[in-house]
Each structure stands twice: as structure tokens, then as C-alpha cells.
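Contents: one structure, followed by commentary.
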């Protein structure tokens, strides 16, 4: 049984992510305790709201370095993914920097509305166990900021421009969509994550 | 490509889903959780729960059912009714709602929109607008949840659509009162006019009576989502069939897929 913890990043989706894991039969305690995070087999970093707020919350709890030094699989979700990058344009926020690149505001144009809100189709860029079974699936997105497609991008989606929907760099993974609200595709992502070795 | 969303709207009273005839004589439709799960299984893209008693009675939404829904379904949902402050919004969001929708309280105190967007981000903040045709254009109505108090707010709909976006609304639900409950189709003229002023996602509400009405509102008004209640509740427009018809007509839709139940194997 994986020993997964949810990092208390203050996002209002903590309970929903926890419930999504419970539906898969996985107990996922929420913690801000550095020792428990270091000892976990899998670490999930949820997030709703703003990058600056999430970073401040990690800093308050002394977790910035703890998360940067983890060796087990880590998955950031939505804002939890955005703060894995070096920088977010949202309130000009320095982030954790465990994945190269930065997060920028999505550009609205005729027919392309921001926030990007709803179900969008995923396209596979690179084969990876985390992305298994997700090519062409629809996932639920709600965000105004996104990371560009780079060599870390496993899955992308299009909203006026292509952006990174699922990324990996070493043991750090990030999903811009919400697995807890993405029906079958969301459950699949969480299962794939839990299947990653330590 | 971003799919167009189909959103069943469930009216909640005292912890149960009800159906009203012209806002009165409410008939209990079933338990909140049962209906939420039914719609999730049928392929609804999102749900809206409208607490029809919270607003007129000036009380806030009961957290308990919001928590239950949040734990049980794996699609997004929005809670409307009875949210008049940042604190009330926080309670609903922390109970697990993905978005909150505000209508009359935003008309009474527009700064509420700025406060909510600043605190939770625009992506959580939906503004509901009840709008009725006037001699020149359309007017916003308020207190529409209570037929005794429902009245015009004095605001021009297109102007209000502009203002709520400036204040940070992340989505607008336009309920066209002329067409609401008549099942003759969405008010495409009004929705088209609002679409021109609306850069955030726009949800059409009021008038759905047949599958063709959904096709026309997506094709002619380029709305992002269509909300309906009675046609979904009664089963006269089943969501799986509606999705297949829309997809066949070239509307981008998340295909209906059977629900999977699985559990992680213990090693």
C-alpha cells in the first residue's frame, strides 16, 4: 500500500483531492510536517488559488527546502504544479524551481476565453507511465496561468495556444488539470502516479 | 480543444432536490447525492446546486450536503444561493465546492465581486444574471428566488455584464427570464448580444426544451456551456444521447463514457 501524504498548501481542494484518493482505496493524510513528508512514498501537492499564496503557505511551514530535496515521486496539481517551476508571472512570484521554465498568463483572443474553464482534450507529447491511457482523454481545467510546452511536457492541451497539461522532471510531476474533478481520466492519473516507483 | 459543457441545475431546499412550478409548489425530486451521482454517471460535465431557500431566508448554505457531494462525485460543481460575504464563500469552497455563484448580493453591493476574486481567484467566482427584455435592450432583475420580492434592479444587462468582468467575475450565467420555463429554446438574440460583451466563459440558462435548442445555442451564440433543469430531470433530453447528437453536428463535446470503478491493488 503506498504511503501517500497531501501537503497542506492551503488550497480549498485539499478535501476533494483526499476524497478522490479515498475513492481509489488510498488513505491520504494531510500534513505540514517535514518528517512525515520526507517519510512518505508519494507526495501530492494540491493547490487552488494563487501561486504567491501557495508559496507563502509553504514558506510559513518551513517546507520550501523540504519539498526541493524530496527523492520520492511528487505530484503537483494545478497551482501545486505551477509552483514547481522557477517563476510564475502571477504576482511575479519566485517558485520552487524543481522544473525548469516559468508560468505565464494565458492570452485571451476572440473565441478563447480566460480563465480556461472546462473539459479539454489531452495530447500525448512523450510516452511515460504517468501519462498512460490519457492520450485523447478529456480532463477538467480551471486556470488563468499556464506553463509553455517544453521537453518536460508529457501531455499538452490547446486553448488558443498549446500549454503543458502534464509535466515531469526527475521525481517531480505536475498536472495542470484537476484529477479530483476529471472523472475517469482523473482517477487514471492518480492510479498512474501511485504506480510510480519510489 | 475546449469542449462545450452541459450543466444540469439542481434546486435544493432543506437538503433535498426540488422542482418548482413558477417558483412555487415545490415537489421533492430526490436526495441530493442520488441525483448528483445519477448525473455524473450520465455524463454531465458540471453541476450547479442552487439553494433556493438560503437567499430569501438570509441564511447561508448548509455545509453538510456540500461536503457530501464533494466527496462523492468526480466532476466539478458550483453552489449558488445565500452567498453574501467572503466568509460565506470560504465556507462553501472549503466544504469542497469548486465554484460559487452570486446573483442578488452582487447587485446590492458590487464590491463583493472584487473581494471574492481577490480572495479566491476569478476562476471560482461565477456571477448569475437574471435578465428580462425591456423596451430598449434588457434589464437585470433581483430577488428572483422569491416571487413576492422579485423586481427590476434598474441595471442595464449589457452594462452589468461589462462591470462584473471588470470587477473580476470568472464566468457569467445569463438566465433569460423571457424564455425560462417555456421550453421554446434559449434566447439566442440576448445571448448573442451578451456574448459580444463577454470575454469570460458564458453559460446560457433558460428555455431548453429539446436537443435542437442546445445545438442552436452552441452554434449560434458561441456560449461555453448550457444549463438546464427540467429537460434533464424529466429525462426528456437524456444527456448521453444529447452529447452524441451535438458531437455528430460538429460541436466539441466531452464524449460520454461509462463510469469506471477501480481501486489500487495492494502490494
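The values are calculated or read from the model by the stated rules, or taken from the named source; none is laboratory data. Note that the structure is a prediction, hence the values are computed from the model and not measured. Heads up, the Cβs are rebuilt from the backbone with ideal geometry, glycines too, and the neighbour counts pull from every protein chain shown.
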Which residue, of B:86, B:161, is within 14 Å of another protein chain (Cβ to nearest Cβ) and surrounded by fewer than 17 Cβ atoms within 10 Å (Cβ to Cβ)? B:86
One residue is enough: does the range A:71-81 have a residue meeting the conditions surrounded by fewer than 18 Cβ atoms within 10 Å (Cβ to Cβ) and either more than 14 Å from every other protein chain (Cβ to nearest Cβ) or at pLDDT 95 or above (or both)? yes
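Per-residue answers, yes or no, for (1) without any contact (Cβ under 8 Å) to a residue 12 or more places away in the chain; (2) surrounded by fewer than 22 Cβ atoms within 10 Å (Cβ to Cβ); (3) within 13 Å of another protein chain (Cβ to nearest Cβ):
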site	(1), (2), (3)
A:19	no, yes, yes
A:28	no, no, yes
A:40	no, no, no
A:58	no, no, no
Scope the range B:213-244; condition surrounded by 24 or more Cβ atoms within 10 Å (Cβ to Cβ) and assigned to a loop (DSSP other than H, G, I, E, B); matching residues: B:223
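Can you confirm whether residue A:186 is at pLDDT 95 or above, buried (at least 24 other Cβ atoms within 10 Å of the Cβ), facing another protein chain (nearest Cβ under 10 Å) and under 28 Å from residue B:256 (Cα atoms)?
Values: at pLDDT 95 or above: yes; buried (at least 24 other Cβ atoms within 10 Å of the Cβ): yes; facing another protein chain (nearest Cβ under 10 Å): yes; under 28 Å from residue B:256 (Cα atoms): yes.
Criteria met by residue A:186.
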Flag if residue A:47 is within 21 Å of residue A:3 (Cα to Cα), assigned to a loop (DSSP other than H, G, I, E, B) and in contact with a helix residue (DSSP H, G or I) (Cβ under 7 Å, 6 or more places away or on another chain): yes
What are the residues in the range B:168-212 that are out of contact with any strand residue (DSSP E or B) (no Cβ under 7 Å at 6 or more places or on another chain), within 28 Å of residue B:123 (Cβ to Cβ) and in a helix (DSSP H, G or I), if any? B:188, B:192, B:193, B:196, B:197
If you check residue A:34 against the conditions, is it surrounded by fewer than 22 Cβ atoms within 10 Å (Cβ to Cβ) and more than 8 Å from chain B (Cβ to nearest Cβ)? yes
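Taking the condition buried (at least 19 other Cβ atoms within 10 Å of the Cβ), over 30 Å from residue B:199 (Cα atoms) and touching a strand residue (DSSP E or B) at 6+ places or on another chain (Cβ under 7 Å), does residue A:166 pass? So that I can check it myself, show each step before the final result.
On the way: buried (at least 19 other Cβ atoms within 10 Å of the Cβ): yes; over 30 Å from residue B:199 (Cα atoms): no; touching a strand residue (DSSP E or B) at 6+ places or on another chain (Cβ under 7 Å): yes.
Taking the combined requirement at face value, the residue does not satisfy it.
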Consider residue A:77 against the criteria (1) free of Cβ contacts under 8 Å to residues at least 40 places away in the same chain; (2) in contact with a helix residue (DSSP H, G or I) (Cβ under 7 Å, 6 or more places away or on another chain); (3) within 19 Å of residue A:156 (Cβ to Cβ): it satisfies all of them except one. Which criterion is unmet? (1)
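Being in a helix (DSSP H, G or I) and either in contact (Cβ under 8 Å) with a residue 12 or more places away in the chain or more than 9 Å from chain B (Cβ to nearest Cβ) (or both) narrows it down to one of A:130, A:134, A:155, so name that one. Before the answer, list the steps.
Working: A:134 fails: in a helix (DSSP H, G or I); A:155 fails: in a helix (DSSP H, G or I).
Step by step, each of A:130, A:134, A:155 is checked, and only A:130 is in a helix (DSSP H, G or I) and either in contact (Cβ under 8 Å) with a residue 12 or more places away in the chain or more than 9 Å from chain B (Cβ to nearest Cβ) (or both).
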Quick one: in the range A:168-180, of everything that is touching a helix residue (DSSP H, G or I) at 6+ places or on another chain (Cβ under 7 Å) and not in a loop (DSSP other than H, G, I, E, B), which residue is farthest from the other protein chains (Cβ to nearest Cβ)? A:168
So if I check each of A:45, A:14, A:4, which one is modelled with pLDDT of 95 or more, within 12 Å of chain B (Cβ to nearest Cβ) and within 30 Å of residue B:65 (Cβ to Cβ)? A:4
Could you say whether any residue in the range B:122-141 is within 14 Å of chain A (Cβ to nearest Cβ) and surrounded by fewer than 23 Cβ atoms within 10 Å (Cβ to Cβ)? yes
